[in-house]
Amino acid sequence: MDQHEYLQELNALMARRREELDQLRKLGIEPYPHGYERDAFSAEIISAFKDEDPQRIVSVAGRIMSLRKMGKASFCHIQDSTGKIQVYLRKDDLGDIYDAFRLLDIGDIIGIKGFIFRTKMGEISVHAQELKLLTKSLRPLPVVKEKTDDAGNKIVFYPFADKELRYRQRYVDLVVNPSVREVLTKRTLILRTIRKFLDARGYLEVETPVLQPLYGGASARPFITHHNALDMPLYLRIADELYLKRLIVGGYDGVYEIAKDFRNEGMDRTHNPEFTMMEVYVAYQDYLWMMGLVEQMIHSVALALNGSAKVTLGEHEIDFTPPWKRLTMFGAIEEYTGLALQGNNEAQLRAVAKEIHVDIEPAAGAGKIVDEIFSVKVQPHLVQPTFIMDYPIEMSPLAKKHRSVEGLVERFEGMVNGQEICNAFTELNDPLDQRARFEDQVRLKERGDDEAQSLDEDFLRALEYGMPPTAGLGIGIDRLTMVLTGQESIRDVIFFPQMKPEK
C-alpha cells in the first residue's frame, strides 16, 4: 500500500465515521457526554481477580482497541491509563443500546458497567450490563495492516512507525505505543524522586525568572524577545544559576529549582532547544562533597525507577552503584589519547587539535579547544558513570579556582554512556575574580564567540555583599531520563519535542 492508497483509505474511513456520528445522534445517543463515573481500572481488576471471590461489579472506561462484532454477542478490548481489559457484550443484557454498538469503532471511548468473570479461554473480562458511548473518534487510529502480494507473500504495513510523525502526533503515539507512555511516566517518577531526595535534606524548592534582562549561567546562545511596555529586549533563560546564587547570598542554606531552560542551538540526539534542568546550590560545601550527593541521588533514582542500580542501555549494562570513577580532564585526555596537554597555550592546543583531526572554530579560546578535544577523543569512551574533574579556568567562568593546581578550577561533569548528565562547581564567590572572568568572556565574545557569557553587574553586586562557600550542581533531566530508561534520543523522553514546521 503506497502513501496515496493509504490516504484514500484514510479519507474513506473518516467519512464513514462522520456518517456513524449522524446515525448515533438520530438514535438519540449523545456521542460526547459531559462525564462518566468509574470506580476501577484494568490493571487493578486483573491483578486482584480470584475465581473463588464473590462476584464484583465495576464501572470502567477506556478507548476501544480491538473489536469482534458477532451478531447477538461481541467482544472488545478497552484501554485505560493502566492497561487493557476485555469486555463481553450481549444483546440480551444491553437491549437497544447493543444495536448502536455496530456504529462503534476502534478508537471510540466507552464506559462499561458490569461484573468481572473469566472466559472459557481463561481471559479476565468484564461482562457488560450497561454501555455508554463517551467519545466518538472521527479519525481512525493507526493499526497494523496486512496485504498479500501477487506472489502470495504477506506484507505488513505499520503507518505510524515513522518517528517524525510519532513525535509530531504524540497524542496518537501514546495511545498505540504503551511503551512510550511507560517511558514518559518514568520521567515523572525521576522528578518526583529527585524532589523527595532534596526535600529530605532541607533544601528549598524555588522559582526564578524565565524572562531575564541579561542571560547568564552557561555558555550558550539565547532566545531573544521584546517587552512592549518597557520597550526593552528580554532573554529566555539559558540557566538558573545566577539567580539561585543570589538566593544563597540572601541567606538560604540550600535551594533548588526544576525548570525549563532555553538555548538557541541545533537539535540532535541529545539536544532540544527547550529542555529541563535541575539546579541545586548548597552553602558551606564544595565540589568534592557534591560528587557524593550526585552519586547518592542518581543511585536512589535508579532504585526507585527500576529496583536496581543497574540499567541496560544498548549493549552496555550501566551500574550506578557508588563510588563512581574519578578522572581529571587532562588525565582523561592523556589516558585515552596519550597526549599531555596541561600547561599548553592556545597556539599549542590548536596545533595538537589539527594534528589529531579535531575541528576547532577560529574564535575558540584555549579552554574551548581542550573541551573539543575531550568531547571528540575521550567522551565517547566514558560508558560507566564517571566524574571528569578539574577543568581549565578558561572553560568555567563561574567556578572557583582550584585550591592546589594553577590554571584549573574546581568543577566536575558526570558522564554516562558517552554523554554529560550533570555539571557542578565549587562556586566562585570572590567578586573581584568573578569580574575579571566576566571581562575575559566579554573579550571572547568580541572575538566572535557567540556562546561567551555576559558581564552581569547586578550579580557582581550580590557577590560583593558576600556569598558563603557554596557547591552548585546542574542535572539535565532529559539526558538523565534517556540513560535511566534506555532511550537513544532526547525526543523519546520529551512529551512534545521541538519539530520543523509541518508541511
- Query: Among the numbered criteria (1) part of a strand (DSSP E or B); (2) touching a residue at least 60 places away in the same chain (Cβ under 8 Å), which single criterion is violated by residue 235?
  - Reply: (2)
- Message: Anything in region 295-317 that is buried (at least 16 other Cβ atoms within 10 Å of the Cβ), out of contact with any Phe, Trp or Tyr (no Cβ under 8 Å at 6 or more places or on another chain) and either hydroxyl-bearing (Ser, Thr, Tyr) or assigned to a strand (DSSP E or B) (or both)? List them, or say none.
- Response: 313
- Here the residues within region 116-158 that are among the aliphatic types (A, V, I, L, M), at pLDDT 90 or above and either part of a strand (DSSP E or B) or within 17 Å of residue 78 (Cβ to Cβ) (or both) are 116, 124, 126, 128, 131, 133, 134, 141
- Message: If a residue must be surrounded by fewer than 20 Cβ atoms within 10 Å (Cβ to Cβ), in contact with a helix residue (DSSP H, G or I) (Cβ under 8 Å, 6 or more places away or on another chain) and not in a helix (DSSP H, G or I), how many such residues does region 420-455 contain?
- Response: 6
- Item | Residue identified as among the acidic types (Asp, Glu) and under 30 Å from residue 179 (Cα atoms) among 52, 37, 20 | 37
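Determine whether residue 248 is in contact with a strand residue (DSSP E or B) (Cβ under 8 Å, 6 or more places away or on another chain), assigned by TED's automatic domain parsing to the domain that holds residue 450 and over 25 Å from residue 189 (Cβ atoms).
It is true that residue 248 is in contact with a strand residue (DSSP E or B) (Cβ under 8 Å, 6 or more places away or on another chain), assigned by TED's automatic domain parsing to the domain that holds residue 450 and over 25 Å from residue 189 (Cβ atoms).
Residues that are in contact (Cβ under 8 Å) with a residue 60 or more places away in the chain, within 30 Å of residue 179 (Cβ to Cβ) and not polar (S, T, N, Q): does region 69-79 have at least one? Don't jump to the end; show me each part of the working.
Our first condition is that a residue be in contact (Cβ under 8 Å) with a residue 60 or more places away in the chain; within region 69-79, this holds for 79.
Add one more test, that the residue is within 30 Å of residue 179 (Cβ to Cβ), and what stays is 79.
With the extra rule that they be not polar (S, T, N, Q), the set shrinks to none.
No, the conditions are met nowhere in region 69-79.
Here is a check on your reading of the model: is residue 218 surrounded by 12 or more Cβ atoms within 10 Å (Cβ to Cβ) and assigned to a loop (DSSP other than H, G, I, E, B)?
Details: surrounded by 12 or more Cβ atoms within 10 Å (Cβ to Cβ): yes; assigned to a loop (DSSP other than H, G, I, E, B): yes.
Against the criterion (surrounded by 12 or more Cβ atoms within 10 Å (Cβ to Cβ) and assigned to a loop (DSSP other than H, G, I, E, B)), residue 218 qualifies.
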- Task: Can you work out which of the residues in region 449-461 that are touching a residue at least 40 places away in the same chain (Cβ under 8 Å) and in contact with an Asp or Glu (Cβ under 9 Å, 6 or more places away or on another chain) is nearest to residue 271 (Cα to Cα)?
- Result: 451
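Every residue, every condition in (1) under 25 Å from residue 240 (Cβ atoms); (2) of a type in the set (Asp, Glu), yes or no:
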{"residue": "340", "(1), (2)": "no, no"}
{"residue": "348", "(1), (2)": "no, no"}
{"residue": "353", "(1), (2)": "no, no"}
{"residue": "362", "(1), (2)": "no, no"}
{"residue": "396", "(1), (2)": "yes, no"}
{"residue": "413", "(1), (2)": "yes, yes"}
{"residue": "416", "(1), (2)": "yes, no"}
{"residue": "434", "(1), (2)": "yes, no"}
{"residue": "439", "(1), (2)": "yes, yes"}
- Message: Name the residue that is surrounded by the fewest Cβ atoms within 10 Å (Cβ to Cβ), counting only residues in region 383-407 that are touching a residue at least 40 places away in the same chain (Cβ under 8 Å), out of contact with any Leu (no Cβ under 8 Å at 6 or more places or on another chain) and within 16 Å of residue 330 (Cβ to Cβ).
- Response: 407
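Tell me which residues, restricted to region 117-130, are of a type in the set (A, V, I, L, M, F, W, C) and touching a strand residue (DSSP E or B) at 6+ places or on another chain (Cβ under 6 Å).
First, pick out the residues of region 117-130 that are of a type in the set (A, V, I, L, M, F, W, C): 117, 121, 124, 126, 128.
Answer for region 117-130, where residues must be of a type in the set (A, V, I, L, M, F, W, C) and touching a strand residue (DSSP E or B) at 6+ places or on another chain (Cβ under 6 Å): 117, 124, 126, 128.
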- Sole exception among (1) touching a residue at least 40 places away in the same chain (Cβ under 8 Å); (2) within 23 Å of residue 444 (Cβ to Cβ) for residue 372, by number: (1)
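What residue, of 296, 342, is closer than 30 Å to residue 251 by Cα and of a type outside the set (Gly, Ala, Ser)?
On the way: 342 fails: closer than 30 Å to residue 251 by Cα.
From the options 296, 342, the qualifying one is 296.
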- Query: Is there a residue in region 161-168 that is part of a helix (DSSP H, G or I), free of Cβ contacts under 8 Å to residues at least 24 places away in the same chain and in contact with a Phe, Trp or Tyr (Cβ under 6 Å, 6 or more places away or on another chain)?
  - Reply: no
- Applying the selection to region 185-213, what residues are buried (at least 16 other Cβ atoms within 10 Å of the Cβ) and closer than 24 Å to residue 265 by Cα? 187, 208, 212
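Of the residues 306, 344, which single one is touching a Leu at 6+ places or on another chain (Cβ under 8 Å) and among the polar types (S, T, N, Q)? So that I can check it myself, show each step before the final result.
Working: 344 fails: touching a Leu at 6+ places or on another chain (Cβ under 8 Å).
Answer to the check: 306.
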- Task: Go through the residues of region 90-100 one by one and say whether even a single one is touching a helix residue (DSSP H, G or I) at 6+ places or on another chain (Cβ under 7 Å), of a type outside the set (Lys, Arg) and at pLDDT below 95.
- Result: yes
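Of all residues in region 419-436 being of a type in the set (D, E, K, R) and closer than 30 Å to residue 480 by Cα, which is farthest from the chain's Cα centre (by Cα)?
The first filter runs over region 419-436 and keeps only residues of a type in the set (D, E, K, R), leaving 420, 427, 430, 433, 435.
Now drop any that are not closer than 30 Å to residue 480 by Cα, which leaves 420, 427.
Values: 420: 15, 427: 27 Å.
Only one residue fits best here, namely 427.
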- Query: How many residues are of a type in the set (Asp, Glu) and either touching a Phe, Trp or Tyr at 6+ places or on another chain (Cβ under 6 Å) or free of Cβ contacts under 8 Å to residues at least 60 places away in the same chain (or both) when one looks only at region 462-503?
  - Reply: 2
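The values are calculated or read from the model by the stated rules, or taken from the named source; none is laboratory data. Because the structure is a prediction, the values reported are computed rather than measured. So basically every Cβ, Gly included, is an ideal-geometry build from the backbone, and we count neighbours across all protein chains shown.
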